[in-house]
Amino acid sequence: MTDEQLKSVDIQIAAEDLKTLKKNEYKLCFAKKVNDTYNVVWQSADKYLSDNTFSWQPLYELFGSNEFKGDVTVRVSTNRVSIGLGDESVLDSSGLLGESSSGGPATGITLVNDYGTIHPGLCAFSTNLDGSTSTSPIYVAEKAIVTGSDVLTPVECVQVWFEQDVATSTMFSTARSNAIEIDLTEVNSAARLYSNGEWTTPRVSSLYVDTKAIVTIIAALTAAVSVQQLLAKITSKLTGVYQDIQVDVKAAGGNSVSIVYSEKPKLSAIRGNQTRLLLRNPAVVDQLAGFALEAFAQLKAGYVSLTATAAA
C-alpha cells in the first residue's frame, strides 16, 4: 500500500453553520462514485466538528445482494471477498463467491456470475472522522444482472452533503440536496468549506493549523550531552507515521535537558488532523518518550529523573 493510494478530504464547517446543523440533527454524509453514480451512504456521522478528515484506501470487498431499494439499508446476501482493481471473482451456482484472482479490466472489479439474478455490490475501507476504521458498502447495482459478467468501476470521487435521519449503508436513488462532488482522481487530498449554507474551496492560508505542543520531557541526565547530538538522534527516529512531528531540545541547567515534541508548522488541516488522531493512542505518546530514552542510551547517558507531560 503506497502513500499515493491514500486519499483524504478535509471538511471545514463555519461556526454558525455548525450550530444550525447540530441543532437540527443533520449528519455529515459521504458517498463514493462507482460506475459513474452514487447510490449508497458510505458513512453518516453525527459527531463532526469544525474541521473533519475522512480518508480511504483502495481496499475493496465484493458481494451480491438480492435487492436494491432506495432509503433501505444494504443487505449483503452473499459472502464478502476481498478484491482489488484488475481482479475478478466467480459467484458459483450455489451462490458462493470464490477467492479473487487476476482478470477483467485493470480499472475495474469483475463479478463472473454463474448463479443467476443478483445485484453486484462493493464495500470499501475508510478511516472515519473519529479515527476508527471500517469497511462498509459503497455501491449496489440498481438493476440485477443475470448469468454472465459485470464490471464495477470505482472512481476516486466522493460526494459530501448534510442530511437528517440517514444512516451509514443506506441506499438512495435520488439526488442529495446541496451535495458537493470532490474529485481526487488527480490529487490525493482536498479541502472544502461549508459556510452560510454553501460549499466553497477555502483559501490556501485557511488550510493551515497552528503548531501544537504534544509532549514535554524534562530529564536530569547522569552525564552532559550535546544538545545538537541529542536533537539529531531523536529527529532521525521521527519517520513514517511520525513524520509530521518535530522536536526541540534545549539545555535546562546542569545536566538537565528539555525536550518538546510538537506538530510541524504549516501542516495542512488534513495532515494536522491525521497527526492528532494518531496521538489519541496513549501508546504513541509513550513511544515518543521512548525515542528520547533511546537517544540518551546512544549518547551513553542515563537519567536521574524524568518527567513527561502530554498536552491536554
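Where Lys and Arg each count +1 and Asp and Glu each count -1, what net charge lies around Ala31 among other residues with Cβ under 15 Å from its Cβ?
For residues surrounding Ala31, the net value is -1.
In this rough spin-label picture, where each label sits 7 Å from Cα along the Cβ direction, the Ser226-Ser262 distance is 2.5 nm.
Backbone geometry of segment 297-305 corresponds, through the Karplus equation with coefficients 6.51, -1.76 and 1.60 at θ = phi - 60°, to 3J(HN,Hα) couplings of 4, 5, 9, 6, 10, x, 9, 8, 8 Hz, x marking Gly and Pro.
Each residue of segment 56-61 is assigned a 3J(HN,Hα), and the resulting list reads 7, 9, x, 10, 10, 10 Hz, derived from the Karplus form 6.51 cos²θ - 1.76 cosθ + 1.60 (θ = phi - 60°), x at Gly and Pro. Whole-Hz Karplus values for segment 96-104 come out as 9, 7, x, 4, 6, 8, 5, x, x Hz, taken residue by residue from phi with 6.51 cos²θ - 1.76 cosθ + 1.60 and θ = phi - 60°; glycine and proline positions read x. The portion of the accessible surface of the chain made up by carbon and sulfur, rounded to a whole percent, is 49 (1.4 Å probe; DNA, RNA and ligands excluded).
When a/c reaches 1.5 or more, the comparison of a/b and b/c decides; with that in mind, is segment 1-77 rounded, prolate or oblate per its Cα gyration tensor? The shape class here is oblate. Protection proxy ranking of 219-227, 86-94, by the mean of other Cβ atoms within 10 Å over each peptide's residues and highest first, is 86-94, 219-227. In the chain, a dipole from Cβ-located charges (positive for Lys and Arg, negative for Asp and Glu) runs towards its positive end, and of Asn128, Asn66, Leu288 it is Leu288 whose Cα lies farthest in that direction. For Gln298, the shell of other residues with beta-carbons less than 13 Å away shows a net charge of +2, using +1 for Lys and Arg and -1 for Asp and Glu.
Find the centroid of the Cα atoms in segment 273-304 and in segment 131-175, then give the distance between the two in whole Å. Measuring centre to centre over Cα atoms gives 41 Å. A simple packing score, the average count of other Cβ atoms within 10 Å per residue, orders the peptides 176-186, 250-260 as 250-260, 176-186, with the highest score first. Can you give the log10 of the normalised intensity I(q)/I(0) at q = 0.09, 0.12, 0.14, 0.15 Å⁻¹, computed with Debye over equal Cα scatterers of the chain? Evaluating at q = 0.09, 0.12, 0.14, 0.15 Å⁻¹ gives log10 I(q)/I(0) of -0.59, -0.86, -1.02, -1.10. Put simply, when 124-131, 280-287, 241-248, 36-43 are sorted by average Cβ atoms within 10 angstrom per residue, most first, you get 36-43, 124-131, 241-248, 280-287. Modelled this way, with points 7 Å down the Cα-to-C-beta line, the labels at Thr37 and Arg203 are 4.2 nm from one another.
The values are calculated or read from the model by the stated rules, or taken from the named source; none is laboratory data. Keep in mind the model is a prediction, meaning the values are calculated, not measured. Cβ coordinates were reconstructed from backbone atoms using ideal geometry, including for glycine residues, and neighbour counts include every protein chain displayed. Note: accessible area is taken over every heavy atom of the protein model, side chains too, but ligands, DNA and RNA are not part of it. Shrake-Rupley method; radii C 1.70, N 1.55, O 1.52, S 1.80 Å.
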